[in-house]
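**Q** Before I ask anything, let me first share the structure, which is written out below as structure tokens.
The values are calculated or read from the model by the stated rules, or taken from the named source; none is laboratory data. None of the values given here were measured: they were computed from a predicted structure. Reconstructed Cβ throughout: ideal geometry from the backbone, glycine too, with neighbour counts over all protein chains shown. Ligands, DNA and RNA are excluded from the accessible area calculation, which covers all protein heavy atoms including side chains. Shrake-Rupley method; radii C 1.70, N 1.55, O 1.52, S 1.80 Å.
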Amino acid sequence: FTDDNHPVRTLYLSSIDAFNEGNLDLFVANFAPEIKMYTTDGNYFGQNALRERFENVFQQFPKVRMEVPELKLEILSKDVVFVNFDWKVYPMGQGPAYSGIGSGIYKYQDGKWIEILEVETITHIDQALKQP
């Protein structure tokens, strides 16, 4: 596989598409039932924990949308990939956004995420989203 045709790229982007559709079932289906996700905002073990985390996001921001303008993969092994990405989140679906960078080690198995170690950093907050 190359960076452009690696199955992780397809899986990553389909996860973002499901997120942007607000389709929690489709989004969670990209993760193995025993997913282990370690992130900047917490650790999540199993699909139910992940569902609960994103259910709260979708309830609070029903139109939330995320863009990933840059996604780079470094293939570490057959099923482990190091990912670097730029991101932009529009809490209201459009307009003001949070921008940032992220990186992580993603392990997949049978076409699903099985383990993720990810760090994201906000690099810019549009003025309209800043607290007074």
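**Q** Mind putting a number on the dipole of the range 60-132 about its Cα centre? Charges go on the C-beta only, +1 for Lys and Arg and -1 for Asp and Glu, and I need it in Debye to the nearest 20.
**A** With Lys and Arg at +1 and Asp and Glu at -1, about 220 debye.
**Q** Show me 54-60, 126-132, 109-115, 8-14 ranked by packing, highest mean number of other Cβ atoms within 10 Å first.
**A** Result, highest mean Cβ count within 10 Å first: 8-14, 109-115, 54-60, 126-132.
**Q** In degrees from 0 to 90, rounded to the nearest 10, what is the angle of the helix 47-60 Cα long axis to the longest principal axis of the chain?
**A** On a 0 to 90 degree scale, this one is about 20.
**Q** Give me the lysines in straight-line cross-link reach of LYS36: C-alpha distance below 27 Å, same-chain residues under 8 apart excluded.
**A** Filter leaves LYS63, LYS72, LYS78, LYS88, LYS107, LYS112.
**Q** Given a 1.4 Å probe, how much area per residue of the range 14-132 is accessible, in Å²? Walk me through the intermediate numbers first.
**A** Numbers: 6940 Å² over 119 residues.
About 58 Å² of surface per residue is accessible.
**Q** Mind pulling the angle between the C-alpha long axis of helix 7-21 and the longest principal axis of the chain? Nearest 10 degrees, somewhere in 0 to 90.
**A** 30 degrees
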